[in-house]
Amino acid sequence: MYLKDRANKDGICWPSIRTIAGELKLSRATVYRALDDLCKAGFLEKGDRWRENGGRTSNLYKLL
């Protein structure tokens, strides 16, 4: 529900693990595990986001 509430009309959002953990009062390990479970179950697709300088930023999530 957290990702769904933050997703755009295409089902895409990009909150950081730190943001998700902080807002939900969970550990980052719990958030990583939950996101991996959602990906394995076919509910979520995870991708990378990149800065203009080539550095990696937060993940991109697409609800399926």
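The values are calculated or read from the model by the stated rules, or taken from the named source; none is laboratory data. The model shown is predicted, which means the values in this text are computed figures rather than measured ones. Positions of Cβ are generated from backbone atoms using ideal geometry, with glycine treated the same way; all protein chains shown enter the neighbour counts. Each accessible area value is taken on the protein alone, full model and side chains, heavy atoms only, with ligands, DNA and RNA left out. Shrake-Rupley method; radii C 1.70, N 1.55, O 1.52, S 1.80 Å.
For the reader, a short list of remarks on this structure follows.
- Applying a threshold of 9 Å to beta carbon distances and a minimum spacing of six or more residues, or different chains, the list of pairs starting in the range 1-29 at a residue that is within 16 Å of residue 57 (Cα to Cα) and ending at one that is among the basic types (Lys, Arg) and part of a loop (DSSP other than H, G, I, E, B) reads 14/49.
- On the stretch given as the range 6-36, residues that are in a helix (DSSP H, G or I), in contact with a strand residue (DSSP E or B) (Cβ under 9 Å, 6 or more places away or on another chain) and open to solvent by 60 Å² or more (accessible area, probe 1.4 Å) total 2.
- If you check 47, 55 for being out of contact with any strand residue (DSSP E or B) (no Cβ under 6 Å at 6 or more places or on another chain) and open to solvent by less than 60 Å² (accessible area, probe 1.4 Å), only one passes: 55.
- Filter result (touching a Lys or Arg at 6+ places or on another chain (Cβ under 6 Å) and under 13 Å from residue 11 (Cα atoms)) within the range 37-60: 45, 60
- Members of the range 12-33 that are closer than 13 Å to residue 46 by Cβ and touching a helix residue (DSSP H, G or I) at 6+ places or on another chain (Cβ under 8 Å): 13, 15, 17, 20, 31, 32
- Looking at 42, 54, just one residue is modelled with pLDDT of 95 or more, farther than 15 Å from residue 2 by Cα and in a loop (DSSP other than H, G, I, E, B), and that residue is 42.
- Sub-8 Å Cβ pairs linking a first residue in the range 42-64 that is hydroxyl-bearing (Ser, Thr, Tyr) to a second residue that is open to solvent by 90 Å² or more (accessible area, probe 1.4 Å) and not in a loop (DSSP other than H, G, I, E, B), at least 6 apart or interchain, are 57/50; 61/45; 61/46, ordered by first then second residue.
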